[in-house]
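See below for the structure under consideration.
The values are calculated or read from the model by the stated rules, or taken from the named source; none is laboratory data. None of these values were measured; they are calculated from a predicted model. Here the Cβ is made from the backbone with ideal geometry for all residues, glycine too, and neighbour counts use every protein chain on show. Keep in mind that these areas ignore ligands, DNA and RNA; they rest on the heavy atoms of the full protein, side chains included. Shrake-Rupley method; radii C 1.70, N 1.55, O 1.52, S 1.80 Å.
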There are 2 protein chains.
Amino acid sequence: MEEHHMKPDTEIRAMLSGHKATQGRIRLLGILRKASAPLTIQELLQRLGKNAIDKVTVYRIVKILQKESVIRQIDFQHGHAHYELAHPENHHHHFVCIRCGKTKDFKNASMENLLTKASKGSPDFPLVKHHSLEIFGFCRNCTKKHP
Amino acid sequence: MEEHHMKPDTEIRAMLSGHKATQGRIRLLGILRKASAPLTIQELLQRLGKNAIDKVTVYRIVKILQKESVIRQIDFQHGHAHYELAHPENHHHHFVCIRCGKTKDFKNASMENLLTKASKGSPDFPLVKHHSLEIFGFCRNCTKKHP
DNA sequence: TTAGCTGCAAAAAGTTTGCAGTTCC
DNA sequence: GGAACTGCAAACTTTTTGCAGCTAA
């Protein structure tokens, strides 16, 4: 009886598509999988436990996973990148509070349809890989406090 | 006969909404106005002419203009921010080539409608200020060269 | 065994801060 | 005149690079 439903080894290996399945990479993928919001490099390091993996290695793993389309980079305009698993079946976007930084997932079927169409590309950009959509504003708390 | 159609002084002052209309700010706004694509801080500095305005001042001007919603920040996932004038009447998004970095404006009326609706906000995010939408892929050139 | 991965040190790139002097209104 | 703005120096944060040693396949 496995308490933490772990992805089977083969699944992890598939995500790494040819790259070596090292301890660090497996743990990092596990952390992203459990995360409820996109994480920064710093947050990944914290969750990995200090001294567990070097910062540089995390940057390198993240770059590989991004190129393999396993994770996607997200910009909350906070001055550093965030990363989340790129589940195609659970694609979503984000609200971002300009004041307090809080974020929230955001899903919209019609939007998804349009973006899928846009994914067919245009004459100048025939091959679309992914997209990013963030909505910026004030969350409920910050709206109350703000004139 | 004015060759370069300059915004009248009053219009520039309006854009600065209360902040002082210094030479640097006026020139920076002029440059953004003429730009055909979102510019980085470095590109702004180049176009301003070396030694004309200090890098730090450009950062500060950009921050003010962004807060006043005169310009908007755009992330091409190139490791640094880009900025463009925020014309509400000419709102658009961008294609970004993952390989060569080329970008292209992208407009879609239906998308605009949906995003306008999303701008009404949600219970958790009642006040929406702006949004960002970028589509990443390969441009025609890079599609040809790439397997 | 060995190609690929990692850690460490160092550097590069991007952005922010403090303060003294200057400029716009 | 005075609040707002700017330049310069310095610091800070984020990300990249080089290289020697380690590890998964």
The range A:46-68, subset part of a loop (DSSP other than H, G, I, E, B) and at pLDDT 95 or above, residue farthest from DNA strand C (Cβ to nearest atom): A:E68
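Here is a yes/no grid of residues against (1) facing chain A (nearest Cβ under 9 Å); (2) open to solvent by 20 Å² or more (accessible area, probe 1.4 Å):
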| position | (1), (2) |
| --- | --- |
| B:A35 | no, yes |
| B:I41 | no, no |
| B:G49 | no, yes |
| B:T57 | no, yes |
| B:A86 | no, yes |
| B:D105 | no, yes |
| B:G121 | yes, yes |
| B:K129 | yes, yes |
Would you pick out the residues in the range A:78-126 that are in contact (Cβ under 8 Å) with a residue 24 or more places away in the chain and among the aromatic types (F, W, Y)? A:Y83, A:F95, A:F106
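Would you pick out the residues in the range A:19-37 that are within 15 Å of DNA strand C (Cβ to nearest atom), among the small types (G, A, S) and in contact (Cβ under 8 Å) with a residue 24 or more places away in the chain?
Once the filter is applied, which keeps residues that are within 15 Å of DNA strand C (Cβ to nearest atom), among the small types (G, A, S) and in contact (Cβ under 8 Å) with a residue 24 or more places away in the chain, the range A:19-37 yields A:G24, A:G30.
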Per the list (1) among the charged types (D, E, K, R); (2) in contact (Cβ under 8 Å) with a residue 40 or more places away in the chain; (3) facing chain A (nearest Cβ under 7 Å), residue check on B:R72 breaks on (3)
Regarding A:A14, is this residue within 30 Å of A:R140 (Cβ to Cβ) and among the hydrophobic types (A, V, I, L, M, F, W, C)? no
Filter pass, B:H94 being out of contact with any His (no Cβ under 7 Å at 6 or more places or on another chain), under 16 Å from A:Q77 (Cβ atoms) and not in a strand (DSSP E or B): no
Odd one out for B:K117 among (1) closer than 22 Å to B:L29 by Cβ; (2) open to solvent by 40 Å² or more (accessible area, probe 1.4 Å); (3) away from DNA strand C (no atom under 15 Å from the Cβ): (1)
Residue tally, condition within 15 Å of DNA strand D (Cβ to nearest atom), part of a loop (DSSP other than H, G, I, E, B) and within 18 Å of B:R25 (Cα to Cα), over the range B:69-90: 1
Return the residues of the range B:102-122 that are within 19 Å of the chain's Cα centre (by Cα) and not in a helix (DSSP H, G or I); say none if nothing qualifies. B:K102, B:T103, B:K104, B:D105, B:F106, B:K107, B:N108
B:F125 vs (1) open to solvent by 20 Å² or more (accessible area, probe 1.4 Å); (2) over 21 Å from the mean Cα position of the chain (by Cα): all pass except (1)
